[in-house]
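Working notes for the structure below.
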Amino acid sequence: MKISTISKHRLNNKYLAKNSSIWKHTKQKKVNENSHIYYSFSKQKLSSNIAKWNYKKDAVSLLENNIPSDIRDKFNSLANRWEKETCYKSLMSDIVIHEAYQQIIGMGSAVVPLLLEDLTKSDPRHWFWALKAITGTSPIKPEHKGRIKKMAEDWLEWGKANGYEFRYSL
Amino acid sequence: MDMNFDTHYEAIEALESEFPNLSKTNYEITSKRTRTYNCFAYAMGEDDIWWSPLPGDEYYWPEEAPREENKEAFVLAFQTRGFQVCSDGEFEAGFLKIAIYAKANGCPTHAAKQSNSGTWTSKLGIHEDIEHELNGISGDEYGEVSFFMKKTIN
């Protein structure tokens, strides 16, 4: 199965790298190994496994290949410049008012999958203000205020509920 | 702290570029980088949360203090943890002191915490914690020490 063929099935299936350690926890059968890269198993099974094993650090957006490269490149460039120029600041107002951060907000809903994808990292960057500005909502639970990983989890839950799903690869 | 030579060297280079006074004073990196907490939380002894008066429901800020960026709001916030404004940063046995930096507009930009040995420690943005002298991080980024607060410790 070629990657392009896999893409056609991605809305119904999740794919894991052949050498993913997640496989040892599943009883799913491989469906095709011509590409010797991907196997498939059910979305429901993957979701439960993800929650169970908490492999968030390996998560990448299911929509990865559907995001135009120019959008991704612009986001990465702005995000890197923003963090480089604000990395010693502690006041969030100084951090989120930065011109590059504001440009990211200005990219609108196209950048939401990238922001959510970034929140899956083990030490996530502070995209909460941008996500709130773009989506008009804030799913952060009151008891999670300021607790960055919990805040990220709240946003990822929101992402799942709003059609932003993730596949896991190693 | 587990940090390899290259990472440690890069951290020193970045710090001294941002804070030129560090190269003229004593300081030491005491942690890895993390985006989990900031200097204000660190000064309060909380290394699992990010304090910010930014309006909205994202970041932690004591309910007793207004979400404003001025000296009065920060004093009220730190008072919720038992600190009171004091006259200086001289080491006093039985007290924990913090130093709050500000720029010319008076808005706090950074907080440092005094250690048991009388030296000062800080969390620098999303960068490392360091042990330093008070003027080691004075300058363009944080301004100067604006005021001190202290609380009794057992």
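Once both labels are positioned 7 Å from their Cα atoms along Cα-to-Cβ, the gap between A:E157 and B:S115 label points is 3.9 nm. The stretch A:90-155 and the stretch B:49-98 have their alpha-carbon centroids 24 Å apart.
For an R0 of 22 angstrom, estimate the FRET efficiency from the Cβ-Cβ distance between A:R72 and A:T137 and round to the nearest 0.05. Display every interim value, and only then the final one.
Values: r = 24 Å, r/R0 = 1.09.
Plugging the Cβ-Cβ distance into 1/(1 + (r/R0)^6) gives 0.40.
Which of the peptides A:75-86, B:139-150 is most tightly packed, and how do the rest follow, going by the mean number of other Cβ atoms within 10 Å of each residue?
On the way: A:75-86: 16.4, B:139-150: 18.5.
The peptides rank, most packed first, as B:139-150, A:75-86.
Among B:A77, B:A43, B:A14, the largest mean-square fluctuation in a Gaussian network model of chain B, built with springs joining Cα atoms closer than 10 Å, belongs to B:A14.
Taking the Cα centre of the stretch A:65-168 as the origin, how large is its charge dipole in debye, to the nearest 20, when only Lys and Arg (+1) and Asp and Glu (-1) carry charge on their Cβ atoms? Kindly include the intermediate steps, with their values, before the conclusion.
Details: 15 positive and 14 negative charges, 41 e Å.
Roughly 200 debye for the stretch A:65-168.
Quick one: length gained pulling B:S31 to B:K103 fully straight, 0.36 nm per residue minus the C-alpha distance?
On the way: separation 72, 0.36 × 72 = 25.92 nm, distance 2.63 nm.
In short, 23.3 nm is gained.
Per residue of A:91-98, other chain Cβ atoms within 10 Å of the residue Cβ number 5 on average.
The aspartates and glutamates whose alpha-carbon is closer than 18 Å to the alpha-carbon of B:K150, local same-chain residues fewer than 8 away aside, are B:E46, B:E72, B:D88, B:E90, B:E92, B:E133.
Shielding by partners for B:116-124, please: the mean number of other protein chain Cβ atoms within 10 Å of each residue's Cβ.
Values: counts 0, 0, 0, 0, 0, 0, 1, 1, 4.
For this peptide, the per-residue mean of nearby foreign Cβ atoms is 1.
Under the rule a/c < 1.5 gives rounded, and otherwise a/b versus b/c splits prolate from oblate, where does the stretch A:65-168 land using the Cα gyration tensor? In terms of gyration-tensor shape, oblate. Counting only other chain Cβ atoms within 10 Å of each residue's Cβ, the peptide A:113-123 averages 1. Note on B:D57 and B:N135: the model spin-label points, each 7 Å out from Cα along the C-beta direction, lie 4.8 nm apart.
Of the residues B:Y59, B:Y42, B:Y27, the one that moves most in a GNM of chain B with alpha-carbon contacts below 10 Å is B:Y59. With R₀ fixed at 41 Å, the C-beta to C-beta distance from B:E13 to A:A110 puts the FRET efficiency at about 0.70. Give A:K149/B:K113; A:K89/A:K149; A:K145/B:K123 a once-over and call out the pairs whose C-alpha atoms are over 22 Å from each other. Cα-Cα > 22 Å for A:K149/B:K113; rest within. Note on A:H126, A:H98, B:H8: ascending count of other Cβ atoms within 10 Å places them as B:H8, A:H98, A:H126, the fewest first.
Would chain B count as rounded, prolate or oblate if I go by the C-alpha gyration tensor, calling it rounded below 1.5 in a/c and otherwise prolate when a/b exceeds b/c, oblate otherwise? It comes out prolate by the Cα gyration axes.
Every read-out reported here was derived from the displayed coordinates using simple, explicitly stated rules and does not represent laboratory data. Worth saying up front: this structure is predicted, and the values here are computed from it rather than measured. Neighbour counts are summed over all protein chains in view; Cβ atoms, including those assigned to glycine, are modelled from backbone coordinates with ideal geometry.
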